[in-house]
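The values are calculated or read from the model by the stated rules, or taken from the named source; none is laboratory data. Only a predicted model underlies this, so the values are computations on that prediction, with no experimental measurement involved. Here the Cβ positions follow ideal geometry from the backbone for every residue, glycine too, while neighbour counts run over all protein chains shown. Protein only, heavy atoms only, side chains kept; ligands, DNA and RNA dropped before computing areas. Shrake-Rupley method; radii C 1.70, N 1.55, O 1.52, S 1.80 Å.
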Amino acid sequence: MAEYYAKSTHSLSFEVTKDSQFIGRLIYKSWFKFNAEIEIGNRFYLVEPKGFWGTTIELKDNERVLLKFRMNWNGEIVIQTYFEGVKEGFLFKHRGIFKESFVLADQQGDELFVMKPHLKWTSMNYEYHITTAEKFEMLSNKEILLINSLHCANYYMSMMASAVV
């Protein structure tokens, strides 16, 4: 089990740390768009919507698609990874109303982590506290999956807010 923190440094960027060590960064290009960049170490990955409606979002390393996600009809986000040529599926879902959190589960239904958002009212920025399971810590591309899940949480909240309006 490990604990990670994601803090919004300003409205377009989140920094992820573990034990005060920098893990990576999620950088949005602008408000109202799902295009982003993920930085891990000295590597950068592009996150961009695909298709006419932009309902599927891809994470790419140059032109190679490493991961895709889309929201299904009941508000869960289905994630497909293609790391090292192996296709795997994950489910990212929202839980609760007053003590809300997000959960990432694998294909067997095992919870890999719980992500709890916290709105900082003074700056109107979100912070996330992420507690992972041992199984998650053993994944070879856990950093990409973790930071992409941060994007999924923001995507979920954006989609739910637009559905209310």
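Taking label points 7 Å from Cα along the Cα-to-Cβ direction, Lys120 and Asn62 give a separation of 3.7 nm.
With an 8 Å cut-off on Cα pairs and a minimum separation of 6 or more residues, tell me the relative contact order of the chain in percent. List each step's numbers first, then the result.
Values: 314 pairs, mean separation 29.4, N = 165.
Here the relative contact order equals 18 percent.
Put the Cα centre of segment 11-69 next to the Cα centre of segment 85-149 and the gap is 15 Å.
What residue among Asn35, Ala105, Gly24 has its Cα farthest toward the positive end of the dipole of the chain, where the charges are +1 on Lys, Arg and -1 on Asp, Glu, each on the Cβ? Towards the positive end, the residue furthest out is Asn35. Every helix of 4 or more DSSP H residues in the chain counts as -39500 (n - 2.57), and over all residues that averages to -5000 deg cm²/dmol at 222 nm.
Just list whichever of Lys87/Lys116; Lys93/Lys135; Lys7/Lys50; Lys29/Lys50; Lys18/Lys68; Lys33/Lys99 have alpha carbons separated by over 22 Å in the model shown.
Numbers: Lys87/Lys116 27 Å; Lys93/Lys135 18 Å; Lys7/Lys50 27 Å; Lys29/Lys50 16 Å; Lys18/Lys68 25 Å; Lys33/Lys99 27 Å.
Too far apart for the 22 Å limit: Lys87/Lys116; Lys7/Lys50; Lys18/Lys68; Lys33/Lys99.
The modelled label-to-label distance for the pair Ser11/Glu37, using points 7 Å beyond Cα in the direction of Cβ, is 2.0 nm.
Net charge dipole, the chain: roughly 480 debye, given to the nearest 20, about the Cα centre with Cβ charges of +1 for Lys and Arg and -1 for Asp and Glu.
Close amide H contacts of Tyr126 (hydrogens built in the peptide plane, cut-off under 5 Å, sequence separation of 5 or more or a different chain): Ser8, Lys120. The Cα trace of the chain gives Rg and Dmax of 14.8, 44 Å, the first to one decimal, the second as a whole number.
Summing Lys, Arg as +1 and Asp, Glu as -1, what charge do residues with Cβ under 12 Å from the Cβ of Ser149 carry, Ser149 excluded? It works out to a net charge of +1. For the chain, the longest piece that avoids every one of the chymotrypsin sites (Phe, Trp or Tyr not before Pro) found in DSSP loops with at most 13 other C-beta atoms within 10 Å covers 122-165. The modelled label-to-label distance for the pair Asp19/Thr55, using points 7 Å beyond Cα in the direction of Cβ, is 4.4 nm. Shown for the chain: the carbon plus sulfur share of the solvent-accessible area, taken with all protein chains present and a 1.4 angstrom probe, equals 55%.
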